[in-house]
1. Quick one: which residue in Arg74, Arg119, Arg48 is closer than 17 Å to Ile13 by Cα and among the charged types (D, E, K, R)?
2. For the structure I just gave you, tell me whether Val56 is within 13 Å of the chain's Cα centre (by Cα), over 23 Å from Met1 (Cα atoms) and not aromatic (Phe, Trp, Tyr).
3. Determine whether the stretch 127-136 contains at least one residue that is surrounded by fewer than 16 Cβ atoms within 10 Å (Cβ to Cβ), over 14 Å from Ala12 (Cβ atoms) and under 11 Å from the mean Cα position of the chain (by Cα).
4. So which of Val23, Val42 ends up being within 21 Å of Phe94 (Cα to Cα) and either in contact with a Leu (Cβ under 8 Å, 6 or more places away or on another chain) or of a type in the set (Phe, Trp, Tyr) (or both)?
5. I'm trying to understand the selection: among the residues of the stretch 54-72, which are without any contact (Cβ under 8 Å) to a residue 12 or more places away in the chain and of a type in the set (A, V, I, L, M)?
6. Say whether the condition of being over 19 Å from the mean Cα position of the chain (by Cα) and not small (Gly, Ala, Ser) is met by at least one residue in the stretch 17-26.
7. Testing Phe94 on (1) surrounded by fewer than 16 Cβ atoms within 10 Å (Cβ to Cβ); (2) part of a helix (DSSP H, G or I); (3) not basic (Lys, Arg), one condition comes back false. Which one is that?
8. What's the total number of residues in the stretch 97-115 that are under 19 Å from Ala12 (Cα atoms) and surrounded by 15 or more Cβ atoms within 10 Å (Cβ to Cβ)?
Amino acid sequence: MKFARYVFYFEAIFINLLVGLLVFFAPGVFVSTFYPGSLPAVPLEIMRWYGVLLFVLSYAMLRALPSGNEGAVRIFVEALLLGDIVHLVATVLFFINGGPLVFGSAVMVFFSTFLACVRIFWLRNMAASAPVRVENRL
């Protein structure tokens, strides 16, 4: 279980935060790892929004992990697992529509698959050790 938590910290700091910084401050560099051509300014500006999302994910995970609230971490990990699945579907669509298999897309497939496996492992172990109780406060 400690291995999974280390992976979650690694993801929050080195994937979400650092990639978020790259996407926000240099969207053209980020896109060039997936597509060799250049893009007009507006699509690159839209990529900055992806960087914002990565900052938010990083912040939420870095707050949840050390909080001791395993229920909150579990809900967040479940959401990220759903994101991994949707991300892999989007990647298939990327390839179907002519996206090249280059360094960026290969790394993305690897990390999405690896992180999904780690999340499944962690969630299965959490379910075996203690079920989560979520209160409805509405």
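1. Details: Arg74 fails: closer than 17 Å to Ile13 by Cα; Arg48 fails: closer than 17 Å to Ile13 by Cα.
That would be Arg119, the only listed residue that is closer than 17 Å to Ile13 by Cα and among the charged types (D, E, K, R).
2. Working: within 13 Å of the chain's Cα centre (by Cα): yes; over 23 Å from Met1 (Cα atoms): yes; not aromatic (Phe, Trp, Tyr): yes.
So Val56 fits the description; yes.
3. Step one: list which residues in the stretch 127-136 are surrounded by fewer than 16 Cβ atoms within 10 Å (Cβ to Cβ), which gives 127-136.
Cutting the leftovers down to over 14 Å from Ala12 (Cβ atoms) gives us 127-136.
Next, from what is left, pick out any that are under 11 Å from the mean Cα position of the chain (by Cα): none.
Within the stretch 127-136, not a single residue is surrounded by fewer than 16 Cβ atoms within 10 Å (Cβ to Cβ), over 14 Å from Ala12 (Cβ atoms) and under 11 Å from the mean Cα position of the chain (by Cα).
4. Details: Val42 fails: either in contact with a Leu (Cβ under 8 Å, 6 or more places away or on another chain) or of a type in the set (Phe, Trp, Tyr) (or both).
Result: Val23 is the single residue among Val23, Val42 that is within 21 Å of Phe94 (Cα to Cα) and either in contact with a Leu (Cβ under 8 Å, 6 or more places away or on another chain) or of a type in the set (Phe, Trp, Tyr) (or both).
5. Taking the stretch 54-72 first, the residues without any contact (Cβ under 8 Å) to a residue 12 or more places away in the chain are 56, 59, 63, 66-69, 72.
Once the filter is applied, which keeps residues that are without any contact (Cβ under 8 Å) to a residue 12 or more places away in the chain and of a type in the set (A, V, I, L, M), the stretch 54-72 yields Val56, Ala72.
6. no
7. Only one criterion in (1) surrounded by fewer than 16 Cβ atoms within 10 Å (Cβ to Cβ); (2) part of a helix (DSSP H, G or I); (3) not basic (Lys, Arg) is unmet by Phe94, namely (1).
8. Keep residues of the stretch 97-115 that are under 19 Å from Ala12 (Cα atoms), which gives 104, 107-115.
Pick out the ones that are also surrounded by 15 or more Cβ atoms within 10 Å (Cβ to Cβ) and you get 104, 108-109, 111-112, 115.
Result for the stretch 97-115: 6.
Read-outs throughout are calculated quantities, based only on the coordinates presented, and are distinct from any laboratory measurement. Remember, predicted model here, so these are calculated numbers, not experimental data. Reconstructed Cβ throughout: ideal geometry from the backbone, glycine too, with neighbour counts over all protein chains shown.
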